[in-house]
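Bear in mind these aren't lab numbers, they're just calculated from the coordinates by the rules spelled out. All values derive from a computational prediction rather than experimental measurement. Cβ: placed from backbone, ideal geometry, glycine included. Neighbour counts: every protein chain shown.
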Amino acid sequence: MDVDPPSPRRQTWPALARGQRLYCVGDIHGRLDLLDGVLHRITSDLAADPIADLLFVFLGDYIDRGPNSFGVLDRLSTLSSIVPTVFLKGNHEAILIDFLWQPLVLPFWKSMGGYPTLLSYGLVPPLQPTDQDCYSLADALQVAMPDSHRAFFESLQTSHQEGDYLFAHAGINPGRPLDSQTERDLLWIRDAFLKSTRRFDKFVVHGHTPVKDPDVTANRVNIDTGAYATGRLTCLVLEEDTRRFL
């Protein structure tokens, strides 16, 4: 078992810088209604306890499965002009980007819940698309996508670090140093990461694998509470050495 011995350096770990607060939101999957609910709770939280050093981190998977991916992207694009934000890339965003340049991935995207995204852009994909349908839909999505959405996809990061925390959509590969993680590691990994009890150099905040309630362990916290299916979108609030959920 890959368990590292306890380190005295980590007794007060993890933490953010003094006076900093971070709101981290899990996988949204086209649920604009739940995103608006979380943003309302954050607004109320800030009104009750204002802070100057503020950052929002979104863990990816903004699209697919749920009914309003277009609206989610619109809302997040607007938010980034109002407050400091970090948007991470999820595996679902990676598939959409692949589809725009490799349209024949459409059947795979469909199997991952991609058709609701196309519908939210006003496109109607056939149930059994031909190769020509795939190319036509990719062209149509290029036309239907606003510049603000295109800029949003281009801005996505694969990971982000703040204080003692590392944020990634799916997690990290426990067998690689943090500075050697691949995009596939960060966007797709499951079992090797979820089963690891190793103390990483950073405490990992992630989504990607739906859980009933936020899953907090000694080395990570998973805040993907399956919003599109459960109606529960989780926001983790980090401040100095404390954490709470909205």
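Summary of values
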{"read-out": "DSSP beta bridge pairing in segment 89-229, given as percent antiparallel to the nearest 5", "value": "50 percent"}
{"read-out": "In Å, descending, principal axis extents of the Cα set of segment 153-195", "value": "30, 24, 16"}
{"read-out": "The chain - share of DSSP beta bridges that are antiparallel (%, nearest 5)", "value": "50 percent"}
{"read-out": "Using alpha-carbon coordinates, inclination of helix 131-144 to the longest axis of the chain, degrees", "value": "70 degrees"}
{"read-out": "Of THR230, SER77, LEU54, farthest towards positive along the dipole that unit charges on Lys, Arg, Asp, Glu beta carbons give the chain", "value": "THR230"}
{"read-out": "Whole-Hz couplings from phi, Karplus 6.51/-1.76/1.60, listed for segment 199-214; x for Gly and Pro", "value": "7, 6, 5, 10, 6, 9, 10, 8, x, 6, 10, x, 9, 5, 10, x"}
{"read-out": "Rounded to 10°, Cα long-axis angle of helix 91-101 versus longest principal axis of the chain", "value": "30 degrees"}
{"read-out": "For VAL86, distant residues with modelled amide H under 5 Å away", "value": "PHE56, VAL57, PHE58"}
{"read-out": "Rounded to the nearest 20 debye, dipole of the chain from Cβ charges on Lys, Arg, Asp, Glu", "value": "580 debye"}
{"read-out": "Compactness relative to 2.2 N^0.38 Å, alpha carbon Rg of segment 10-134", "value": "1.29"}
{"read-out": "Separation of alpha-carbon centers, segment 171-196 and segment 88-125, rounded to whole Å", "value": "24 Å"}
{"read-out": "Highest to lowest packing among 132-144, 194-206, scored as the average C-beta count within 10 Å", "value": "194-206, 132-144"}
{"read-out": "Segment VAL211-TRP13, length gained on full extension (0.36 nm per residue, minus Cα span)", "value": "68.8 nm"}
{"read-out": "Computed [θ] at 222 nm, deg cm²/dmol, the chain (DSSP H ≥ 4; -39,500 (n - 2.57); rounded to nearest 500)", "value": "-10000 deg cm²/dmol"}
{"read-out": "Relative packing of peptides 117-129, 57-69 - highest average C-beta neighbours within 10 Å first", "value": "57-69, 117-129"}
{"read-out": "Added length on full extension, which subtracts the Cα-Cα distance from 0.36 nm per residue, GLU240 to SER148", "value": "29.8 nm"}
